[in-house]
Every structure is written in C-alpha cells, then in structure tokens.
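In what follows, a single structure is set out as structure tokens and then discussed.
The values are calculated or read from the model by the stated rules, or taken from the named source; none is laboratory data. It should be emphasised that the depicted structure is a prediction, and the values quoted were computed from it without experimental measurement. We place every Cβ from the backbone using ideal geometry, glycine too, and count neighbours over all the protein chains shown. Remember, those area values only see protein heavy atoms, side chains included, never the ligands or the DNA or RNA. Shrake-Rupley method; radii C 1.70, N 1.55, O 1.52, S 1.80 Å.
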Amino acid sequence: MTSVSPHKKARALKSTSRRPAKELCSECGLCDTYYIHYVKEACAFINQQIGELEEETHTRSRHLDNPDELYFGVHQDMMAARKQQPIEGAQWTGIVSSIAIEMLNRGIVEGVVCVQNTKEDRFQPMPVIARTPEEILAARVNKPTLSPNLSVLEQIEKSGMKRLLVIGVGCQIQALRAVEKQLGLEKLYVLGTPCVDNVNRAGLQKFLETTSRSPDTVVHYEFMQDFRVHFKHEDGSTETVPFFGLKTNQLKDVFAPSCMSCFDYVNSLADLVVGYMGAPFGWQWIVVRNDIGKEMLDLVKDQLDTQPVTSKGNRKEAVQQSIPAYDKGVTLPMWAAKLMGVVIEKIGPKGLEYARFSIDSHFTRNYLYMKRNHPEKLEAHVPEFAKRIVGQYKLPE
Ligand code: FAD
Ligand code: SF4
C-alpha cells in the first residue's frame, strides 16, 4: 500500500473563506491548495522565519554587521544591468522573462510559475505554470495587485514535474521555501523581485483614480528612482507624478494590510533578485544570493550590459522628515511637490542609497503600523535586521 502525504488529505479553502492570517493575508495562494496543511509554519504573516529559511536556502543567515547584507540580504554579487535589446512591454527591460525563457529553452526546467492577467482585465492576476516561451512572455509586466501565485502548487505535484522555476515576490517565496521539501521536486529555482506597497484590485482602482489623469488607459506604472510615479498609457504616452504630490491622506488605507506589515522588501529567500531600486535610472538592479542565482544569471549575461552598483548622497534626513509627514497624511500643493521633486532628484540619494531610502521609509512606516495595529505580534514578526534599520530613527508614538 502506498502512503499518502499528510497534506494531500487537507482541503484548500473556498475562495470566500477567511484566511488563517486574517486581515494580514497577502493572498499568496498557499491556502488555495492542500498545502494549507502547513500554513501555521509557512505563512509569512503567521510565522516570520526569514533567518532560519535564509540558513536553509543560502547555508547562512545574513551578516547583520555587514551594512550591505543588513539591507539587501545574503548575497555574493550585486550589479546594475539592462538588456541590450529590451523586451517590448516588459516592466523594465525584461531580464526576468529572458532568464525564464532561457531556462525553459535549454531544458533546465520543465515549467515556470509566473503570473499572466485575465482576458477581461490587464491588472487581474492569473497565475500559471508556463511551459512555452510564449506563455512566459504573456506573463511579462507587473500585475500591481496581490497575486495568488502559489495557487498552482497542486498542479505541480499532479503533473509529475521535477524541475521548476518559480517567479514571485517575498511573501509568496517565504511560504514556498517553507513547503519546498514537500513538493516532490528534484530541483527548484527561485527568481524573485522586490515588492512593496501592493494593493488588492479595488485598491489599485482607487490609487489610479486618485493619482492618474486617465486611470482607464494606464498599462504600466512604477515608483521610480527620480522620486516620481511614471504611468505609461495605452497610446504610448508617459505621465509623471511626484511622490511628494501623492494624495497621502486619501491613499493611506489603499495599501494591503499585508504590505503594511511586510519587512521582506528585497525578497531575502530567492536565489536571484531582479529589481531596479539600487541601480541608476533606466537600469535594473541585480542581487545574486547564491550559486543557483549565479547559474541563472549566467544564462543571459551575453544579452546584458552591466555596470557596478554605486551609492551617492545621504538619505537619513529625508527619511526622518518623511516619517511624521506620512503619519499626518500631509499632501503638498502640486507646484511645491514638483519643486521638491526637482531638488531631491538633484541632491537626493542615488543608487544603493536610494534603495536604502526606500527600505528605511517603508520599514519605519510598517513598524509603526504593526505597533499600533498588532502590538502583540510586533516582537516576533519584525526580523532582527528590520529592528536595527528602524532603530536608526525617531518614531512618533
Ligand atoms: P518582466 O520581464 O516584465 O517580468 C515580470 C515578472 O513579474 C513576470 O514574470 C510575472 O510573472 C511577475 N509578476 C508580475 N506581477 C506579479 C505579482 N503581483 N506577484 C508576483 N509576481 C509578479 N523593484 C524594486 O526595485 N523596487 C520596488 O519597490 C519594486 N516594487 C514592486 C512591486 C510589485 C507589486 C512587483 C510585482 C514588482 C516590484 N518590483 C520592485 C520589481 C520591478 O518592478 C520589476 O518587476 C523587476 O525589475 C523585473 O522587471 P523585468 O522587466 O525584468 O520583468
Ligand atoms: Fe494563506 Fe498565504 Fe494568506 Fe498566509 S498569506 S493566510 S499562507 S494565503
């Protein structure tokens, strides 16, 4: 008689059922599968265990006394890169999609977990296991909404697939790492992106409507290193809105509670991370965490221009000033916001210092959110590295 894995006896939750992490749930998809069996250990919002999982994944946790590791996690290399021939319609230059395609074409993996959108709505996420380059390309560009990427995990076991690439953001990857050994895979590759300030679909609509001149034609947006949100519209035009002009008072409740309590901005448990915030404007930022990540990056190195990462400016004062301003929901008049944007772009933090600016601003905000809304979880939920980062600033009560 063959034994049945205990998780196979578990039942996925109905889509309407309340999730175990309650309002902090990021809809990562784990609870849509029988792997819900492991939710108490695996959920990033119930059992924060970045340090332990770093050790399992990268053979060691980050060196807290190394300033770059404190901020960016375990890594062996960091660089700025861009594709010599960008993929049209990708979020940046398409490094993520290119690596996935290369891994599939060379037979290194049999499938790629990524997220396409539904036919009706370009921002409604639809996780898939892609088995062709076309299916990977159809998943390019960010779906700036909570996405249940792990909801396809049951399909992996059923398909008999043994070598898999998963693309995802931090909360999805934490839960994935916690159940990795149960998936029956011979080899798992993890390609992560940083992630912050995500929203559910209704929240996205509110953000677009309060911020863009034409919410229905936005195909793509990003909070960029020049301290502006860049919207790209269907007709190819670009609209920019300075961060300091955002209607903070109206947007305060837009971000998902999961993202207001997340301290894994840089996707600590991926093998390779591809973002933008530590790189010069127009370039992507790459963090190679371990040998598997290096193997993945090497596959596309001949398609990339690269340059070393740099760092300029001092973020500390700007972060300290932004803490009470955000807390009180201060919105500047547009002329002042534009002026401030121009000044800060000229003299403000650049490269890795910009990335630290963004991490500090979000960690201080999220620490306050946890302290006020979930004080009983604060101690165990905030990782040691985040406590050290937040400890550099004076926070309001
Ligand atoms: P592409 O080749 O266009 O591929 C994008 C990949 O992202 C696709 O494979 C798709 O499967 C995956 N994806 C899309 N939406 C989601 C989603 N909701 N959840 C999980 N996976 C998804 N980088 C920073 O440096 N700083 C940030 O603050 C930051 N915030 C981000 C917020 C979100 C919600 C997301 C999804 C990404 C964020 N990134 C951030 C990463 C950055 O925007 C780019 O995604 C990354 O640089 C890859 O660009 P690319 O052109 O190589 O990707
Ligand atoms: Fe389940 Fe994921 Fe939500 Fe946690 S975040 S409750 S694991 S769906």
Exercise for review: Convert each backbone phi in region 381-395 into a coupling constant with the Karplus relation 6.51 cos²θ - 1.76 cosθ + 1.60 (shift: θ = phi - 60°), then list the ³J(HN,Hα) values in order as whole Hz, x for Gly and Pro.
Suggested key: 7, 8, x, 4, 4, 6, 4, 5, 5, 5, x, 7, 10, 8, 9
Exercise for review: Please list, in chain and number order, the residues 5+ apart from residue 311 or on another chain whose amide H is under 5 Å from its amide H, with Hs placed from the backbone.
Suggested key: 352
Review point. In percent, how large is the relative contact order of the chain, given Cα pairs closer than 8 Å and 6 or more residues apart?
Key: 19
Point to revise | Percent antiparallel among DSSP beta bridges (both partners in the chain, rounded to 5) | key: 75
Practice item. Would you grab the residues whose amide H sits under 5 Å from the one on residue 220? Only those 5+ places off in sequence or on another chain, please, with H modelled 1.01 Å from N. Key: 232
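Over the chain, give the accessible area per residue in Å² for a 1.4 Å probe, as an integer.
Working: 17850 Å² over 397 residues.
Per residue, the chain has 45 Å² of solvent-accessible surface.
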Check your understanding: What residues from region 204-225 fall in the zone where the backbone N is under 17 Å from a label point 7 Å along the Cα-to-C-beta line of residue 335?
Key -> none
Practice item. With a ≥ b ≥ c taken as the square roots of the eigenvalues of the C-alpha gyration tensor of region 184-313, please select rounded if a/c is under 1.5 and otherwise prolate if a/b is larger than b/c or oblate if it is not? Key: prolate
Exercise for review: Would you mind telling me which residue in 253, 32, 121 has the biggest mean-square fluctuation in a Gaussian network model of the chain, where springs connect alpha carbons within a distance under 10 angstrom?
Suggested key: 121
Revision key, fill the gap. In terms of the alpha carbon gyration tensor, root eigenvalues a ≥ b ≥ c, rounded if a/c is under 1.5 and otherwise prolate when a/b exceeds b/c or oblate, the chain is rounded
Review point. What do you get for Rg/Rh of region 7-64 when both radii come from the Cα atoms and Rh is the Kirkwood radius?
Key: 1.07
Review point. For the chain, which whole percent of the accessible surface, found with a 1.4 angstrom probe, sits on carbon and sulfur atoms?
Key: 51
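Which entries in 143/394; 119/387; 22/394; 14/119; 294/371; 247/346 show an alpha-carbon gap greater than 32 Å?
Details: 143/394 35 Å; 119/387 43 Å; 22/394 30 Å; 14/119 23 Å; 294/371 38 Å; 247/346 23 Å.
Listed pairs above 32 Å: 143/394; 119/387; 294/371.
Please sort by residue number the GluC sites (Glu not before Pro) in region 360-391 whose DSSP state is loop and whose Cβ has at most 14 other Cβ atoms within 10 Å.
Details: sites: 376, 379, 384; in loops: 376.
Filter output for region 360-391: 376.
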Check your understanding: Taking every pair of alpha-carbon atoms in region 16-158, what share in percent sits in each 5 Å bin, from 0 to the bin with the longest distance?
Key -> 2, 8, 13, 14, 18, 20, 16, 7, 2, 0
Practice item. Would you list the membrane-span-like helices of the chain, meaning whole DSSP H runs whose alpha-carbon atoms span at least 18 Å along their axis and whose mean Kyte-Doolittle value is at least 0.0? Key: 334-347
Revision key, fill the gap. Cα-based Rg and Dmax for region 253-397, in Å, come out at 17.3, 51
Check your understanding: Hey, what did region 264-397 get for relative contact order, percent, Cα under 8 Å, at least 6 apart?
Key -> 25
Practice item. Indicate, rounded to the nearest 5 percent, the antiparallel portion of the DSSP beta bridges found entirely in region 148-276. Key: 55
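So, R0 is 35 Å and r is the distance between the beta-carbons of residue 387 and residue 235; what FRET efficiency does that work out to, to 0.05?
Numbers: r = 47 Å, r/R0 = 1.33.
Plugging the Cβ-Cβ distance into 1/(1 + (r/R0)^6) gives 0.15.
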Review point. Hey, what do the phi angles of region 72-81 turn into as Karplus ³J(HN,Hα) couplings, whole Hz, using 6.51/-1.76/1.60 and θ = phi - 60°, x for Gly and Pro?
Key: 10, x, 4, 7, 10, 7, 9, 7, 9, 8
